[in-house]
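Each remark here refers to the structure printed beneath this line.
The values are calculated or read from the model by the stated rules, or taken from the named source; none is laboratory data. On a predicted model such as this, the values are computed, not experimentally measured, just so you know. Note that we place each Cβ from the backbone using ideal geometry, even for glycine, and neighbour counts take in every protein chain shown. These area figures cover heavy atoms from the full protein model, side chains too; ligands, DNA and RNA do not enter into them. Shrake-Rupley method; radii C 1.70, N 1.55, O 1.52, S 1.80 Å.
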Amino acid sequence: EERRILRVNPSFCRMFGRDEAELLGQSTRILYASEEDFEALGRRVYAKKHFLETMETLGRRGDGSTFPMLIQTDALDPANPASSAIVLVTLDITSQKTAEAALRASESMLKLVLDTIPQAVFWKDCQGIYLGCNGSFARAAGVDHSAEIVGRDDFDMPWGPEHAEAYRADDAAILASRQPRRHILESFRDAEGRERWPDTTKVPLEDEKGNVIGLLGFFEDITERKGVEDALAQSRLFTDAVMESVPGLL
C-alpha cells in the first residue's frame, strides 16, 4: 500500500535535506535508500497491521546521499489503527554507527595484540569465574578458542584441584588487599598433564568508582629456563661436594 507524506516538522526536513514542499504528497519510499527495506517495513506495518514497529535502515537525502537511520512507526489513532494515518519517527544514527565501528576496530586490535604476545593473559570476576583470555592461555588450558574459557573456574581447568585451591586462595588475598603480586612462581599441570612453571603477575581490576570488580593475570612459561637453572644449581652442588671431599684441594 502506497503511503503519502502528509506532514513533516523542520527537523525531519533537515535530516533528509529537503524542503517541506518537496516532501508533502510524496510517497514515503523516497525516504529509503533500499527499495527492499521500504517493502519490508510496509509488509510488517500495513499487511500485518503491526503499527508499532522499529527498524534500522538507510535513509536517502535529497542529494542522493545516504545515512543510517532508525525508524519507529505507530498509528496516529491507536484506538482505530486500521483507518488511521501512520506516524513515522526517524533518528539519524550516524554518530552511533561510527562509534560502534570504532569500538569494533579497537576490540579487534586489542584481540590481535593479546593473541600476538607470547605471554598468557586471563581475567576473572571476584568469584573466580573466567571472563576471558588470550590464545596463549587458551592453549595452556587445552582449548581451541578463548571463548571456551568464559564461565569456567579453576576447578574446571586441567591443573587439578590442589592447584585450583592454591590459585583461588591467592586470588582472594590479592582482591582483599587490592595489591598486585608480581613474579609468582607456582606450578600447574597443562592439558597434557605436564608440569609447567609460569612466572605470574596478578593485579586487581577496579571500575571507574574504585570498586574491585575482578582480577587480571598474565604469565610467561619459564619451565625450560627453570630446568636449566635447576640443572646448573645441581651441578654447582655436585662440584662443591667434590671439592670438599678431596683432601688438600683448595
For Gly193, all conditions in the list (1) at pLDDT 85 or above; (2) within 21 Å of Glu148 (Cα to Cα) hold save one; what is the number of the exception?
(1)
Checklist (1) touching a residue at least 40 places away in the same chain (Cβ under 8 Å); (2) more than 15 Å from Gln119 (Cα to Cα); (3) out of contact with any helix residue (DSSP H, G or I) (no Cβ under 8 Å at 6 or more places or on another chain); (4) open to solvent by less than 30 Å² (accessible area, probe 1.4 Å) applied to Gly142, failing item:
(4)
Scanning for something free of Cβ contacts under 8 Å to residues at least 60 places away in the same chain, more than 28 Å from Asp207 (Cα to Cα) and aliphatic (A, V, I, L, M), does segment 170-177 turn up at least one residue?
no
Which of the residues belonging to segment 158-201 are among the charged types (D, E, K, R) and more than 18 Å from Gly128 (Cβ to Cβ)?
Arg182, Arg189, Asp190, Glu192, Arg194, Glu195, Arg196, Asp199
Looking at segment 18-37, which of the residues that are under 38 Å from the mean Cα position of the chain (by Cα) and open to solvent by 50 Å² or more (accessible area, probe 1.4 Å) is farthest from Arg61 (Cα to Cα)?
Glu36
Tell me the residue from Val246, Val242, Val228, Val212 that is at pLDDT 90 or above and of a type in the set (A, V, I, L, M), please.
Val212
